[in-house]
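The structure under discussion appears below in the form of structure tokens.
All of the numbers you see were taken from the coordinates with simple rules; none came from a lab. Computed from a prediction, not measured in an experiment: that's the story for all the values here. Neighbour counts are summed over all protein chains in view; Cβ atoms, including those assigned to glycine, are modelled from backbone coordinates with ideal geometry.
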Amino acid sequence: MIEAIRGAMDVCMERDDNVVVFGEDVGYFGGVFRCTLGLQRKYGKSRCFDTPISELGIVGAAVGMAAYGLRPCVEIQFADYVYPAYDQIVSEAARLRYRSNGQFTCPMVVRMPTGGGIFGGQTHSQSPEALFTHVAGLKVVVPSNPNDAKGLLIAAIEDPDPVIFLEPKRLYNGPFDGHHDRPVTPWAKHELSETPVGHYVTPLGKAAIRRAGAALTILAYGTMVHVAEAAVEETGIDAEILDLRTLIPLDLDAIVGSVKKTGRCVIVHEATLTSGFGAELAALVQEHCFFHLEAPVARVTGWDTPYPHAQEWDYFPGPARLGRALRETLEA
Amino acid sequence: MVEPAPLRFHVPEPAVRPGDAPDFSSVPIPEAGSIRRPPIDADPETIRDLAYAIIRVLDRDGQAVGPWAGTASDAELAEGLKHMMTLRAFDARMQMAQRQGKTSFYMQHMGEEAVSCAFRRALAPGDMNFPTYRQAGLLIAGGYPMVEMMNQIFSNEHDPLKGRQLPVMYSSKQHGFFSISGNLTTQFVQAVGWAMASAIKQDTKIAVGWVGDGATAESDFHAALVFASTYRAPVVLNIVNNQWAISTFQGIARGGSGTFAARGLGFGIPALRVDGNDYLAVHAVAKWATERARANFGPTLIEYVTYRVGAHSSSDDPSAYRPKTESETWPLGDPVIRLKNHLIARGLWSEERHKQAEAEVLDSVITAQKEAERHGTLHAGGKPSAREMFEGVYEQMPPHLRRQRQQAGV
């Protein structure tokens, strides 16, 4: 998936001189996850460069650049480090078009590795998507595979508005279904590891059905798509798995279509439960599908604790926990 | 064994409070004309003293003296006086309009008119300011129509920002005036980013960041200086030190540092300190810093020493925290009177012409206000439609906003 993300930036930088890429360790070294490897060598230091360790400065400068007419695609080294930049994202990037009545706009992408599964403890494992979905003016994207990652990132860079692009870091090197005790599977064997050469767009706001089914609907995104696939296989439940891909704008039609068909819905995300994006999804399902529901909407999420270190696999919502929720929802 | 002395907690206090006699004896004011003018390519290391000085041009007799004099022509100075008078009259009328309930909120510039009015005249077309709410002189001196400003203040049907922004948070890309956020200091680092973009594109335009003394304490200020220094961005970073951050005196943000300008020294950014009530001095340092930026010598940090004569905003009453007569004893005087006296001393102006100009300026402000009020005020007449509330959040309205607009029935 790293190659897919790098490929998206490469394609955009090639096609548009206004695309610039920067962040901590992003230039000469190519990023701590190597997502920008070779971009500085190919496009020069004025298009891809290292920054001081200041997330506020990275995003603040990017807002100014976007207002000038560039298309910055910046990297926050870990989503856990984005908070110093939060004011620049929430009060500035997200509102610039609105408050200036379109005189100034902010076509900018803020990329950041998100989620756990790498024994990163509380400072390298968080999933802060709900902090961004709550903000009017932002778009929020979470890819689950290389094919989507490239197409979605190209769409994000070409988008006229600011996009928060959360890259599940446990997926960088292969699909991860939550079975941490099994050998790592590389992407090569996965059908969605193929990324077309050159430019293509995976549109923002469109979910994808990863598995068609009739018994219940699983709403997932990022790493949890693979966890859902494992849980379905292990329980043998004929679930429909919807990969949301973008949280804002949300493909409500796809969600409603699926839940009305199955009558049951389980939501899964790594982020903490309370006020998580799952709460929004559950509310929407209730509003739009109430008379089709045959069971309460269930949520399987990280616990409402800071992300722990040694207890990572008790915290992480893996296939066993999701499988139990699937059975309960089916039997309810 | 010696017992250690107990530690002491220190909270700075201004010299005087309400009821006390005003006292500015701790503000050293150098003679006009006494501060040297280095070349624009000066090594910041060699001009560190300028961060602790006050560059002044107008002396007590209204004469322009010293190496910083002579950057503005006679015609420009006469025009500058008119800009400051216009801003002052505009403020008075809008302050009154706020009291009359025609708008919810207003912020005036009394005493600080020279800073934004003079600085604007040093810029070139296409340059971009990232202002705070107390730089409307950039618009007045930049030729932006007053009626547009008032339409924004009244949030009426002609409000260029469609009623979405708090009054005085103007935006005009065409006039080099970036949309004011209202959150403090966020735009200081954006100015640096804009300037970096201009350099990346090998453009010739420069950016200007603005911040008040109190808001220099924000992390954004530090980030802006780091980025400006690292990438040698073509940006001028302006600190307007008007002594008061709402009720908090400048010593709370400044801490143990001698001056706000001195903050630039650790970043290797040349730092100037200037008499903010001296139109000629502001114009001269603005010229110096903008030429330096445009010639690829990088950023400059400038502190304008001035005084906020009025309240912070229409919601503030300064008599609760500073002596009522403090502004009258401010040692740098009034910017309008000082420029007026200079022009009179040089035979370019007179008391009669000044009175006449005051009447003309007031007339133009009233004419603009009448026109703006024809398009509505906050609670009367034409206003932006409720439908506008849903527009422009994104370029394309996403489905969830379309649903909400439908629900709102607008």
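Data overview
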{"quantity": "Unit charges at the beta carbon, dipole of chain B: most positive-side option, B:106, B:44, B:332", "calculated": "B:106"}
{"quantity": "Rel. contact order, % - alpha carbon contacts under 8 angstrom, at least six apart, chain B", "calculated": "25 percent"}
{"quantity": "Distance (nanometres) between label positions extended 7 Å along Cα→Cβ at residue A:253 and residue B:294", "calculated": "5.3 nm"}
{"quantity": "Relative contact order (%) - chain A, alpha-carbon pairs under 8 angstrom, separation at least six", "calculated": "15 percent"}
{"quantity": "Reachable lysines from residue B:324, criterion Cα separation under 26 angstrom, eight or more residues apart if same chain", "calculated": "B:340"}
{"quantity": "Radius 12 Å from Cβ of residue B:399, net charge of other residues (Lys, Arg +1; Asp, Glu -1)", "calculated": "+2"}
{"quantity": "Efficiency of FRET between residue B:350 and residue B:76 - r from beta-carbon atoms, R0 22 angstrom, step 0.05", "calculated": "0.70"}
{"quantity": "Förster radius 45 Å - calculated FRET efficiency between residue B:183 and residue B:34 (Cβ-Cβ, nearest 0.05)", "calculated": "0.70"}
{"quantity": "Chain B: DSSP helices with Cα axial extent of at least 27 Å and average Kyte-Doolittle hydropathy no lower than -0.5", "calculated": "B:74-99"}
{"quantity": "Shape category assigned to region A:2-193 from the gyration tensor of Cα positions, a/c cut at 1.5", "calculated": "prolate"}
{"quantity": "For chain B: rounded, prolate or oblate by the Cα gyration tensor [a/c cutoff 1.5]", "calculated": "rounded"}
{"quantity": "Spin-label model distance (nm) - residue B:313 vs residue B:43, 7 Å beyond Cα toward Cβ", "calculated": "4.6 nm"}
{"quantity": "Gaussian network model of chain A, springs between alpha carbon atoms under 10 Å - residue of A:109, A:74, A:11 with greatest fluctuation", "calculated": "A:11"}
{"quantity": "Within straight-line cross-link reach of residue B:162, lysines at Cα separation under 20 Å, skipping those fewer than 8 residues along the same chain", "calculated": "B:102, B:173, B:370, B:383"}
{"quantity": "Dipole in debye (nearest 20) - region B:201-324, about Cα centre, beta carbon charges: Lys, Arg +1; Asp, Glu -1", "calculated": "280 debye"}
{"quantity": "Top of B:152, B:108, B:174 by mean-square fluctuation, Gaussian network on chain B, Cα under 10 Å", "calculated": "B:174"}
{"quantity": "Under 14 Å from the Cα of residue A:206 - aspartates and glutamates, other chains or at least 8 residues apart", "calculated": "A:148, A:243, A:251, A:253"}
{"quantity": "Dipole of region A:63-139, positive end: most advanced residue of A:103, A:83, A:124 [Cβ charges, Cα centre]", "calculated": "A:103"}
{"quantity": "Region B:322-360: trypsin sites (Lys or Arg not before Pro) in DSSP loop, at most 13 other beta carbons within 10 Å", "calculated": "B:324, B:346"}
{"quantity": "Above-threshold pairs, the threshold being 20 Å between Cα atoms, out of A:42/A:139; A:42/B:201; B:82/B:355", "calculated": "A:42/A:139"}
{"quantity": "Fewest-first ranking of A:65, B:397, A:13, using other Cβ atoms within 10 Å as the exposure measure", "calculated": "B:397, A:13, A:65"}
{"quantity": "GNM flexibility winner over chain B from B:329, B:306, B:185 (Cα, springs under 10 Å)", "calculated": "B:329"}
{"quantity": "Global form of region A:1-83, assessed from the alpha-carbon gyration tensor, a/c cut-off 1.5", "calculated": "oblate"}
{"quantity": "Nearest-0.05 FRET efficiency for residue B:173 and residue A:212, computed from C-beta distance (R0 41 Å)", "calculated": "0.25"}
{"quantity": "Mean Cβ count within 10 Å, highest first, over the residues of peptides B:120-132, B:16-28, B:310-322", "calculated": "B:120-132, B:310-322, B:16-28"}
{"quantity": "Sparse-neighbourhood loop sites, GluC sites (Glu not before Pro) in region A:247-320 - DSSP loop, at most 15 other Cβ within 10 angstrom", "calculated": "A:294"}
{"quantity": "Pairwise label distance in nanometres, residue A:327 with residue B:364, each label 7 Å out on the Cα-Cβ vector", "calculated": "8.2 nm"}
{"quantity": "Cα-centre dipole for region A:206-249 with unit charges at Cβ (Lys and Arg positive, Asp and Glu negative), debye to 20", "calculated": "260 debye"}
{"quantity": "Relative contact order %, region B:275-346, counting alpha carbon pairs below 8 Å whose residues are six or more apart", "calculated": "38 percent"}
{"quantity": "Residue among B:393, B:313, B:295 farthest towards the positive dipole end of the protein assembly as shown, charges placed on Cβ", "calculated": "B:295"}
{"quantity": "Dipole in debye (nearest 20) - chain A, about Cα centre, beta carbon charges: Lys, Arg +1; Asp, Glu -1", "calculated": "500 debye"}
{"quantity": "Percent antiparallel among DSSP beta bridges (both partners in chain B, rounded to 5)", "calculated": "20 percent"}
